[in-house]
Amino acid sequence: MFGIVKRLADAGVVGINRRNLDFVMAHNARRNYPLVDDKMRTKQLALDAGMAVPELYGSIATQGDVRRIGDIAADRPFVVKPAHGSGGDGILVIDGKTAKGYRKHDGTSISEGEMAYHASTTLSGQYSLSGLPDTVMIEYRVQFDPLFANIAYQGIPDIRVVVYRGFPTMAMVRLPTRQSGGKANLHQGAIGVGIRIADGVTLAGCWGNEKIVEHPDTGHDIAGIEIPDWETILMLAARSYEITKLGYLGVDIVLDRDRGPLILELNARPGLNIQIANDTGLDSRLARIPADSDLSPAERVAFSVETFANKA
């Protein structure tokens, strides 16, 4: 057991205990956690900074308003999510209305009564990080970018960038699968595919702890795909440091067919599977980031692109 741990450490792989002690606790002040744990607040911070996010159509904070979802959505595709949720739990992606309810992204239906019940349980804290009462958000449903047509199953992929002291340090795209139910969540069975920081080109990936080169549902190669607007994505990630003051941060970005890159969520405790997706440990990356810097976001992006050129 200790031999395995030593080999992983020698390879620069950061484990959860070290992540928590040396990066999360050392660089993320607890007082700033609400800025990212509350998605409503995160969205407003990004908007105030002129950063693109999915539009918020409205929110529900009381049990008496749970049946207002249809009125707020106003016949548009939409997403229902808990403001304090995590791991994709409690999120419903709705493509349109049916005679008695709504059509979900996977083609199945949910009745108006079932939608009201879902909203009610969300308000009660069913999906919140702390189990405390929550708020229901109704927002713009991101439009699928055809770039991912052959390597995503039903849902919308997202891009995770780990930002350390304001510098984009490692990135991956999370691809939905049949197992994940069309959600871009690794814990539910999505794929993590590494992305080269220097140019935004995808590498091989991981499915759980297994290295893969093809999407398990489509059979298409997942490597060698150039992510569009890559510099914009890195800039959004770098600028997220300014609005949160979190030194170790996960920035989740989606590519919308019509609106381009949009910040979806920010995470003060980003997971570590990104190391498997990139086939490299975080330790050597983080060690190359300056301890003190007054560089602008654009200068930090330029530093990362140059420093990690030709690397995963």
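The values are calculated or read from the model by the stated rules, or taken from the named source; none is laboratory data. Fair warning: this is a prediction, and the values are worked out from it, not measured in the lab. Cβ coordinates were reconstructed from backbone atoms using ideal geometry, including for glycine residues, and neighbour counts include every protein chain displayed. Accessible surface areas use protein heavy atoms only, side chains included; no ligands, DNA or RNA. Shrake-Rupley method; radii C 1.70, N 1.55, O 1.52, S 1.80 Å.
Relative to the longest principal Cα axis of the chain, at what angle does helix 39-48 sit, 0 to 90 degrees, rounded to 10? So the inclination is approximately 70 degrees. Amide hydrogen proximity for residue 98: with H placed 1.01 Å from N in the peptide plane, the residues at 5 or more positions away or on another chain lying under 5 Å are 103.
For the pair residue 132 and residue 178 in one chain, pulling the backbone fully straight at 0.36 nm per residue adds 13.4 nm over the alpha carbon distance.
With R₀ set to 41 Å, the beta-carbon distance separating residue 221 from residue 22 gives a calculated FRET efficiency near 0.70. Taken one residue at a time, the phi angles of segment 222-233 give Karplus couplings (6.51, -1.76, 1.60, θ = phi - 60°) of 9, 9, x, 9, 8, 6, x, 6, 5, 5, 4, 4 Hz. Gly and Pro are set to x.
The slack in the chain from residue 296 to residue 59, taken as 0.36 nm per residue of separation less the alpha-carbon distance, amounts to 81.9 nm.
Mind checking the per residue accessible area of segment 1-156 for me, 1.4 Å probe, whole number of Å²?
Roughly 52 Å² per residue, with all protein chains present.
Of the peptides 202-210, 157-165, 55-63, the order by per-residue mean of other Cβ atoms within 10 Å, starting with the highest, comes out as 157-165, 202-210, 55-63.
Going 7 Å from the Cα of residue 89 along its beta-carbon direction, which residues of segment 25-46 have the amide nitrogen within less than 19 Å of the resulting point? Under 19 Å, as judged by backbone N against the label point of residue 89, lie 34, 36-40 of segment 25-46. Residues in segment 93-119 near a label at residue 67, defined as backbone nitrogen under 20 Å from the 7 Å Cα→Cβ point? Backbone N within reach: 97-103, 110-119.
The slack in the chain from residue 111 to residue 32, taken as 0.36 nm per residue of separation less the alpha-carbon distance, amounts to 24.6 nm.
The phi-based Karplus calculation (6.51 cos²θ - 1.76 cosθ + 1.60; θ = phi - 60°) puts the 3J(HN,Hα) values of segment 74-89 at 6, 6, 9, x, 7, 10, 10, 8, x, 5, 10, x, 8, x, x, 5 Hz, whole numbers, x for Gly and Pro.
Go through 25, 40 and list them by solvent-accessible area, largest first, probe radius 1.4 Å.
Putting 25, 40 in descending order of accessible area: 25, 40.
A cut-off of 5 Å between modelled amide H atoms, ignoring neighbours fewer than 5 places along the same chain, links residue 53 with 263. Between the alpha-carbon centres of segment 87-150 and segment 165-239 there is a gap of 23 Å.
Put a dot 7 Å past the Cα of residue 288, heading toward its Cβ, do the same for residue 149, and the two dots end up 3.6 nm apart. Sorting 116-122, 273-279, 137-143 by average packing, meaning the other beta carbons within 10 Å per residue, from highest down gives 273-279, 137-143, 116-122.
Residues whose amide H falls under 5 Å from that of residue 198, counting only those 5 or more places apart or on a different chain, are 310, 311, with hydrogens built in the peptide plane.
Relative to the longest principal axis of the Cα atoms of the chain, the long axis of helix 297-307 lies at roughly 50 degrees.
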